[in-house]
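The values are calculated or read from the model by the stated rules, or taken from the named source; none is laboratory data. Keep in mind it's a predicted model, so treat the numbers as computed, not measured. Heads up, the Cβs are rebuilt from the backbone with ideal geometry, glycines too, and the neighbour counts pull from every protein chain shown. Note: areas computed on protein heavy atoms with side chains; ligands, DNA, RNA excluded. Shrake-Rupley method; radii C 1.70, N 1.55, O 1.52, S 1.80 Å.
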Amino acid sequence: MLSITGLADKVRAGERVSADEAVELYARAPTALLGRLADGVRARKHPERLVTYIIDRNVNYTNVCVAKCNFCAFYRPVGSPEGYVLGFDELFRKIDETIAVGGVQLLMQGGHNPDLPLSWYEDLFRAIKERYPSFKLHALSPPEVIHLSRLSQLPVPAVIERLIAAGLDSIPGGGAEILVDRVRKLLHCHGKATADEWLDVMRHAHRAGLRTTATMMYGTVETDQERIEHLLRLRGVQDETGGFTAFITWSYQPDHTELAGSEATGLDYLRTLAIARIVLDNFDNLQASWVTQGGKVGQLSLAYGANDMGSVMIEENVVRAAGASYCMDEAEIVRNIEDAGFAAKRRNMHYDILGDPIFRERDVPRMLELATARADGDASIPEELRFYPARSKAGKQARTP
Ligand code: SF4
């Protein structure tokens, strides 16, 4: 095994690090050194000193979920009075608001709701594309695709094909947590997708021509070695397909969850981001997770390997339910990027540059508070739901006139 100095030289020379070398660097390299190494990798890939961001809306179309992951504070069981499904009209309204602030896509993810068949998603995607032809749908993480495959009894590639035909543009990398089955069993998320199943959805999506993102939620029950194993599994699929556009990592948010515990520190976040930049040598883009870490650590991320500030969030429901949610609108994100010495540019889901900050081009409403999926206490059931067959007893009852 090389010394830390030897490993640092290897990273500086642009050579790939092995699993053992990554574990050694992650455990023993001083934080400042890890940051400098990650920043060096970032600078080789992005020498132009630009930091990008996207204006989009993070919509959670339903909170009803049968998966019951123990780290999740967002879901409600089938039949819960607090369960909701958003109506098509509510979603159109959210898209109108997104477009008004310069937004170009919806990031749409939700619970595994047994009462929403594949045809509901297809009709929704078609309706959105008919009204907003150039608006993009970055939707349905791998476990949701697997849920739809089980519900419809169609193989995963067929589900992906049907969703693409209806208007799906890209798959978000949610639900990866840690891609090691020992950890997934402890988090009660092994049933929704094993590590192999998650990675296979991404392989199929890439083969079908979609680009996707990859994520890691750390800070629950995993070891440092398992974090590295997660990164190596992503690096392996990226070697095969080249289909991942970006990697995003965030820390587990423990409030109101069954698993409970405490949140990882900001220092752990920066070290984890830095080692990800070093290990994921075949990923172009790493996002800063300011929604969980706050603007200040988000800004520091730009010195620890990140080259993208992620999304100008207009809405957030999932980490807010678990006790964390910072808010920055476009002006605030741009201020953080520019103060760190970079130029700020708007991008699309493929990381193509769309232009300068939109608030400098035209007047846009300032968004100083994040919206929620539903107003508190709104228990309305969308009109169109009665056209779709429900699977659960509670769903069938709710749809009987
Ligand atoms: S993380 Fe997703 S799949 Fe798991 S319980 Fe929450 S909503 Fe359901």
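Some observations on this one:
- Test: residue 375 is open to solvent by less than 80 Å² (accessible area, probe 1.4 Å) and over 29 Å from residue 116 (Cβ atoms): no
- Inside segment 57-72, residues that are in contact with a His (Cβ under 7 Å, 6 or more places away or on another chain), on the phi < 0 side of the Ramachandran plot and within 6 Å of the ligand (Cβ to nearest atom) make up a count of 3.
- Residue match in segment 29-41 (condition: modelled with pLDDT of 95 or more and farther than 19 Å from residue 300 by Cβ): no
- Within segment 96-109, the residues that satisfy the criterion of being open to solvent by less than 20 Å² (accessible area, probe 1.4 Å) and among the small types (Gly, Ala, Ser) are 102, 103.
- Qualifying positions in segment 331-368 - acidic (Asp, Glu) and within 23 Å of the chain's Cα centre (by Cα): 332, 352
- Test: residue in segment 4-23 that is open to solvent by 50 Å² or more (accessible area, probe 1.4 Å), at pLDDT below 95 and away from the ligand (no atom under 16 Å from the Cβ): no
- For segment 112-123, a tally of residues being within 13 Å of the ligand (Cβ to nearest atom) and open to solvent by 10 Å² or more (accessible area, probe 1.4 Å) returns 2.
- Against the test of being free of Cβ contacts under 8 Å to residues at least 40 places away in the same chain, open to solvent by 20 Å² or more (accessible area, probe 1.4 Å) and away from the ligand (no atom under 13 Å from the Cβ), the options 93, 76, 126 yield a single qualifying residue, 93.
- Restricting attention to segment 111-145, the residues that are within 15 Å of residue 94 (Cβ to Cβ) and hydrophobic (A, V, I, L, M, F, W, C) add up to 7.
- Scope segment 177-225; condition open to solvent by less than 20 Å² (accessible area, probe 1.4 Å), of a type outside the set (Val, Ile, Thr) and part of a helix (DSSP H, G or I); matching residues: 184, 195, 198, 199, 202, 205
- Of the criteria (1) farther than 23 Å from residue 52 by Cα; (2) part of a helix (DSSP H, G or I); (3) open to solvent by less than 50 Å² (accessible area, probe 1.4 Å), which one residue 336 fails: (1)
- Put simply, of 68, 45 the only residue that is open to solvent by 30 Å² or more (accessible area, probe 1.4 Å), closer than 24 Å to residue 172 by Cβ and at pLDDT 95 or above is 45.
- Selection over segment 136-164 of residues that are more than 16 Å from the ligand (Cβ to nearest atom), touching a residue at least 12 places away in the same chain (Cβ under 8 Å) and either among the hydroxyl-bearing types (Ser, Thr, Tyr) or open to solvent by 10 Å² or more (accessible area, probe 1.4 Å) (or both) gives a count of 9.
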